[in-house]
Every structure is written in C-alpha cells, then in structure tokens.
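Peer 1: Dumping the structure here so I can ask a few things about it.
The values are calculated or read from the model by the stated rules, or taken from the named source; none is laboratory data. Since the model is a prediction, treat every value here as computed from it, not as a measurement. Every residue, glycine among them, receives a Cβ derived from its backbone with ideal geometry; neighbour counts consider all protein chains shown. The accessibility values were calculated without ligands, DNA or RNA, using every heavy atom of the protein model including side chains. Shrake-Rupley method; radii C 1.70, N 1.55, O 1.52, S 1.80 Å.
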Amino acid sequence: MEKAKISAIQLFILMVLFELGSALLVPLAIRAKQDAWLAILLGMLGSFVLFLVYHKLHTYYPNLLPTEYMQKILGKVLGTVLAFIYILYFMYDASRVLRDFGEMLLTFAYPDTPLFIANALLMLVIVYTVRKGIEVIARSGELLFIFMYVLAIAGFILIISSGLIQIKNLQPVLEDGLLSPVKVALSETLYFPFTEAIVFTMILPYLNNPKKAKVTMLCATGLSGINLVITMLINVSVLGVNLTTRSQFPLLSTIASIQVANFLERLDVFFMLAMVIGIFFKVTILFYAATIGTANLFKIKSPSLLGYPLGIVILFLSVTIASNFQEHLHEGLYIAKFILHIPLFTIIPPILLFIAFLRKRRIREANMSE
C-alpha cells in the first residue's frame, strides 16, 4: 500500500467529481420521464444504506485494502478470487467511462478523429497522474473542482438569463404514479452513479482522519445527487422529455442552445471542459484502485510498474467494448446491471459484513472466556 495520506476535504472532492463524472453526460433516469429528478433522488437515498455497509466493513479493517480484508473474511482462495473480480470490474468500468469520453469528443468536436486516438490521449495523462500517487490525484482534484463549479454556476446563470427554462415541461409530476421513479431508482440510479463509488473503499485507508469517513462519504453523495437532480430538471425543462430521451448528451445540447443578447452563444465548447474534468477523475480513481489492488493482490512492491500495462488493457477494452454508442449504453443499463452491479454492489458487501461481524463476535467471546 502506498505511504500517503489525504484529508477528508480531498476525499469529499474526489467523490463528488467521481459521481458527477459521466453521469452528467447521459440522460440519467429519463425512463421516469419528467420525474427523472425524483428517481435520482431516490437512488441517492438508497445508496446511503449501502455506503453505511461499505463503511462498516472499513471500520472492522481500517488499515487494510478490500483486497486484503476479503481474504481475511472468506479465506485465502475465495477471498483472492473475489478481490480479483472487483479489480476486473474497476478496469471494466474505467473502460466504459473512457468510451463515454471518446464518444463525446468525437460527437461535438472531432468527428474525423479515430476513437482510439481520442481515448489514448486521455489515457496517457491518466497513467501519468496515477503513477504520481493518490496525493497528487487529490491535490489536482482540489484545483479542478473549483474550476468545474465556476463553469457550472456560470452555465446555470446563463441558462436562466437566456429564458430557455419552461416549467411546463416538468408537469405533470408523478404522471405514472410513484412506482415509475421507484422502479428506475432501484434498477438504474442506485447503481449508476452512486454505488459505483464502492471503489472508494480502496482509498479509505489513506484517509488521515478515519472518523470523518462516514460523514464525508454521505455528504459527498448528497451534494453530487443534488447536482444531478438540478441538471436533469434543467435538461427536461429546456429540451422537454422527448428531446432529452433522444439526445445522446442532453446537457451539452442544453448548453449549446444558450443565446444571450445575440452575443453569448455556442458555449458548449467551454462546458465540455467540465465534462472532461469529471470523466478524467472518474477514470483516474477507477484505474488507481485497479492498480493498487493488483499490486496488493500479487505482492508487487511498485504499483507504478503496472501503470502502462493496465492502461493499455483499459484503452483497448474501451474501443472494443461495443460496436457503437447505443450498444454501449444498452450494455451499461441492462447487461452490466444484472451481471455486475447488483451482485458486486448490493449482495456481496452485506454478506461480507455479516461474516466479518460473526468472526469479530467469535473472537470477542473467545477473549472473554479466557
């Protein structure tokens, strides 16, 4: 494990950037139509319960990475297999987010550029950053977090000033009843983007004040959830449900429609920078977790040696993961959900916590009997 420490503020910033990441790009929870904001809110609240599970596991083994305490809970063989599955998931998820970046860049700015080249350029920067360690990642997050929020606030003011918001597009509320947003929350927003942050269990041992971990995780998820709610409210109120559903990147379409006094327009290029920042940190954190997890699992003393080999795997996977963007979205929303998200986020962690609890209680009873 790297000898480094980060503060609670840095953890908070990294979690917010991670959870916003690629979620700002896609029409999140649009299957709930104009109630998409409510589905996001319900997904955020549901993720709080799972974050408490992740945090409790961390309190049992505060100085160990999940790749280590899985072996203590399940035994050497089964624990190693499960840890390796999580590492593969982190790499798979990183490749999916990298694909989102490439598709966005090609759609809005460089249509004639090969997807491989666009992804490779970002991956080179990510590999370099990860090789510098978690402290450099956290400090970079502090700087770019401010820049991202300045752009977000400016964009919000410009959208209001341009008179694009149509409140009637958000009505009627609960047209199909409460069951519709609940279904979308349980099948979509609970997993993407909120409980994807299970990757931060690989970073919690680096926190300089472990007592602040739980509050930091919940507050970061709350802020990112509120930001995503506001984003979808704006998207639907500006574009309407039908156009938001058909748009690959509704937020960028919303920003592209800004026109103030026939002077400020075509601002989507500037706000693409905010999207790139979010995606950069999401891929970086997933890649960092995969790197230190692999080094820990296979007893490699220098995790930086794994940077380029694992980076090449993620790069090629991002290009070959799907033949087109629609197939890529379908795989993420439906196939990955049942095969990966539900087991890895909602089933396995509570089982691990239950076994860890029984082990701790058995040890405590044994000590008391002595």
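Peer 1: For a quick check, take a GNM of the chain with Cα springs below 10 Å and name the residue from Gly307, Gly177, Gly43 with the largest mean-square fluctuation.
Peer 2: Gly177
Peer 1: Kindly write out, for segment 268-281 in residue order, the coupling ³J(HN,Hα) from the Karplus curve 6.51 cos²θ - 1.76 cosθ + 1.60 (θ = phi - 60°), rounded to whole Hz, with x marking Gly and Pro.
Peer 2: Per-residue couplings from phi come out as 4, 5, 5, 7, 4, 4, 5, 5, 4, 4, x, 5, 4, 6 Hz.
Peer 1: Per residue and in cubic angstrom, what volume does the convex hull of the Cα atoms of segment 124-189 have?
Peer 2: 167 Å³
Peer 1: Segment 172-264: D in µm²/s via Stokes-Einstein (Kirkwood Rh, Cα pairs, 10 °C, 1.306 mPa s)?
Peer 2: The calculation lands on 98 µm²/s.
Peer 1: May I ask you to order 56-64, 14-22 by the average number of other C-beta atoms within 10 Å around their residues, highest value first?
Peer 2: By packing density, highest mean first, the sequence is 14-22, 56-64.
Peer 1: Now for a different question. Taking Cα pairs under 8 Å and at least six residues apart, what relative contact order does segment 256-335 come out at, in percent?
Peer 2: Relative CO of segment 256-335 lands at 13 percent.
Peer 1: Convert 37 °C to kelvin, take the viscosity as 0.692 mPa s, use the Kirkwood radius over C-alpha pairs of segment 238-309 as Rh, and evaluate the Stokes-Einstein diffusion coefficient in µm²/s, rounded to a whole number.
Peer 2: Answer, rounded: 213 µm²/s.
Peer 1: When a/c reaches 1.5 or more, the comparison of a/b and b/c decides; with that in mind, is segment 1-70 rounded, prolate or oblate per its Cα gyration tensor?
Peer 2: prolate
Peer 1: Another question, then. Per residue, what volume in Å³ does the Cα convex hull of segment 1-139 take up?
Peer 2: 159 Å³
Peer 1: For segment 79-173, what does the alpha-carbon gyration tensor say about shape, rounded, prolate or oblate, given a ≥ b ≥ c as the root eigenvalues, a/c under 1.5 as rounded, and a/b over b/c as prolate?
Peer 2: prolate
Peer 1: Here's something else I'd like to know. Translational diffusion coefficient, Stokes-Einstein: compute it for segment 113-243 using the Kirkwood radius over C-alpha pairs as Rh, at 4 °C and 1.567 mPa s, and state it as an integer in µm² s⁻¹.
Peer 2: 70 µm²/s
Peer 1: Quick one: how many Å² of Ser323 are accessible to a 1.4 Å probe, rounded to 10?
Peer 2: Its heavy atoms expose roughly 90 Å² to the probe.
Peer 1: Bin width 10 Å, origin at 0, all Cα-Cα pairs of segment 214-334: what percent of pairs per bin?
Peer 2: The percentages, shortest bin first, are 10, 26, 33, 22, 8, 1, 0.
Peer 1: Okay, next question. If you roll a 1.4 Å probe over segment 1-96 with all protein chains in place, what percent of the accessible area is carbon or sulfur?
Peer 2: 72 percent
Peer 1: Can I ask one more? Determine, at each q value in 0.06 (inverse angstroms), the log₁₀ of I(q)/I(0) that the Debye formula gives when each Cα of the chain is one equal point scatterer.
Peer 2: The Cα Debye sum returns log10 ratios of -0.23.
Peer 1: Using each residue's phi in segment 225-231, evaluate 6.51 cos²θ - 1.76 cosθ + 1.60 at θ = phi - 60° and report the 3J(HN,Hα) Karplus result to the nearest Hz, with x for Gly and Pro.
Peer 2: x, 5, 4, 5, 4, 4, 4
Peer 1: Using Cα-Cα distances under 8 Å and only pairs 6 or more residues apart, what relative contact order does the chain have, in percent?
Peer 2: In percent, rounded to a whole number, it is 39.
Peer 1: Let me ask something else. Give the accessible area for Leu41 in Å² (nearest 10); use a 1.4 Å probe, count only protein heavy atoms, and leave out ligands, DNA and RNA.
Peer 2: 60 Å²
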